[in-house]
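Data first, discussion second: the structure below is written as structure tokens.
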Amino acid sequence: MGMDKLSVRDLEIAGQHILVRVDFNVPLDGERVVDDTRVCASLPTIRYILDQGGVAVLISHLGRPKGKVVSELSLHPVAECLEEHLGVEVHETRDCVGPETESIVKRAKPGSVVLLENLRFHPEEENNDPGFALQLCEYGSAYVNDAFGTAHRAHASTEGVTHNFVSCAAGFLMEKEIRYLGVALTEPARPFVGIIGGAKISGKIDVIDNLLPRLDSLLIGGGMAYTFYKAMGLEIGRSLLDVDRIGIAEMILQKAGASDVKLILPKDCVVAAEISEGVETHVVARDQIPPDLEGMDIGPSTRVSFSKEISEAGTVIWNGPLGVFEIPPFEEGTKAVVEALVEATRQGTTTVVGGGETAAAVAAFGLEADLSHVSTGGGASLEFLEGKTLPGVAALSDVEEPNEEEVQYQESE
Ligand code: AMP
């Protein structure tokens, strides 16, 4: 999926209302936004529209109100947060559709912002209802999607609306997501190293399948490594095991063995009796896991070998923590990988991190700004790496490249 999509930069904005799908699905603590990362990520697109003399009409969902008005899931706290960041008044509506909303939107002057209330207060949003989409379309002369995090869902605000606009463009955040994830899949600087971790092998099989033929090396860590050990005939004590997927792990090992891809599993691990802060930990070789203990993290010698692979890479793509990073004694592996990625980024390596838990891990160490790209979309980045088409991206207008004949014709004129 290359970046052949229309950009917000290509739109006529001055004096126009632009309907912008943003991802304001932020964590709230009653009346306040607890983490404003997503609000900040949307600022470049909003500011650009305002600077160009347009009206930014913002639409988003928040949480899972299941098609009903749930006052705790109002976007009001987000409006306040956005207002602080922008330094411009944010006009709010009590509903995302209806005559009152229409009149607030119509009255908005160039350079102003309107935030419509939570889209998911209406079941029509998730049902991708064409009538509902049409109502949203009334609010702008062009459409911008900057909500990568919901691009894997075909909802009224991400897919339905696009049928009624001539110009459907990617916002700056959307562009950045597609550029970094897309370049990694299609034209990575080599060596191309993939790091896959996390608890569940089930959620990552399609990613591994899609990445494996493109990679030079694949590093596997996290809870899923133990299912691979089992497939290799090792004893894993009380470590996480997905019995139903031992066969799949075996197949992946065979596929990698038959190809030029270097598949690297941890050589040592940190084991403990239980997942708790004060618990006693031990480092053991992977073929020495005691029957009564559980593998929680990659060991020190694996940290060194993973860091070396990262330091020699041209491109790294990473999804899934290497250990139970939420609990301090088991954060070392994930931390070492983040630090190696930061150093590699300084040396010119392109480092791309999938969203969700992995992004949370990077954020926990405060290092997200030191990597090339940390995706804002958990499910969406996984589906992208699986090679699936994201409906919210596919629905954006294609930029027509002049074909060769046309170019020649123009030149000979
Ligand atoms: P996932 O959603 O599959 O990417 O899994 C993320 C979770 O995997 C994180 O919450 C980690 O705590 C957990 N995790 C990582 N390594 C292990 C491990 N060795 N055993 C159990 N859980 C793990």
Cut-off 17 Å (backbone N to label point 7 Å along Cα→Cβ of Ala273), residues of the stretch 286-313: 290-296
Around Glu84: net Lys/Arg minus Asp/Glu count, Cβ-Cβ under 12 Å: -3
Cα gyration tensor shape of the stretch 8-176, rounded if a/c is under 1.5, else prolate or oblate by comparing a/b with b/c: rounded
Surface accessible to a 1.4 Å probe, per residue, for the residues of the stretch 188-385, Å²: 40 Å²
Neighbourhood net charge (15 Å Cβ-Cβ; Lys/Arg +1, Asp/Glu -1) for Pro110: +1
Ranking by accessible area, most exposed first, for Lys109, Lys388, Lys335, Lys204 with a 1.4 Å probe: Lys109, Lys388, Lys335, Lys204
Reachable lysines from Lys204, criterion Cα separation under 27 angstrom, eight or more residues apart if same chain: Lys176, Lys230, Lys255, Lys262, Lys267, Lys308, Lys335, Lys388
Candidate aspartates and glutamates - alpha carbon under 13 Å from Lys5, same-chain residues fewer than 8 apart omitted: Asp146, Glu175, Glu177, Asp398, Glu400, Glu401
For the stretch 324-379 and the stretch 257-294, distance of Cα centres in Å: 21 Å
Cα extents of the stretch 188-385 along the three principal axes, largest first (Å): 43, 39, 29
Average accessible surface area per residue within the stretch 8-176, 1.4 Å rolling probe, Å²: 43 Å²
At 1.567 mPa s and 4 °C, Stokes diffusion of the chain via Kirkwood alpha-carbon radius, µm² per second: 56 µm²/s
Carbon and sulfur %, accessible surface of the stretch 47-107 computed with the full protein complex present, 1.4 Å: 48 percent
Whole-percent carbon and sulfur share, accessible surface of the stretch 186-289, 1.4 Å: 49 percent
Amide H within-cut-off set for Leu58, under 5 Å, with H built and near neighbours excluded: Val20, Val114, Leu115, Leu116
Around Leu6: net Lys/Arg minus Asp/Glu count, Cβ-Cβ under 11 Å: -3
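The values are calculated or read from the model by the stated rules, or taken from the named source; none is laboratory data. Bear in mind that the values here come from a model prediction, so they are computed numbers and not experimental data. Virtual Cβ from ideal backbone geometry, glycine too; neighbours counted across all protein chains shown. For the accessible areas, the whole protein counts, side chains as well, though only heavy atoms, and no ligand, DNA or RNA atoms are used. Shrake-Rupley method; radii C 1.70, N 1.55, O 1.52, S 1.80 Å.
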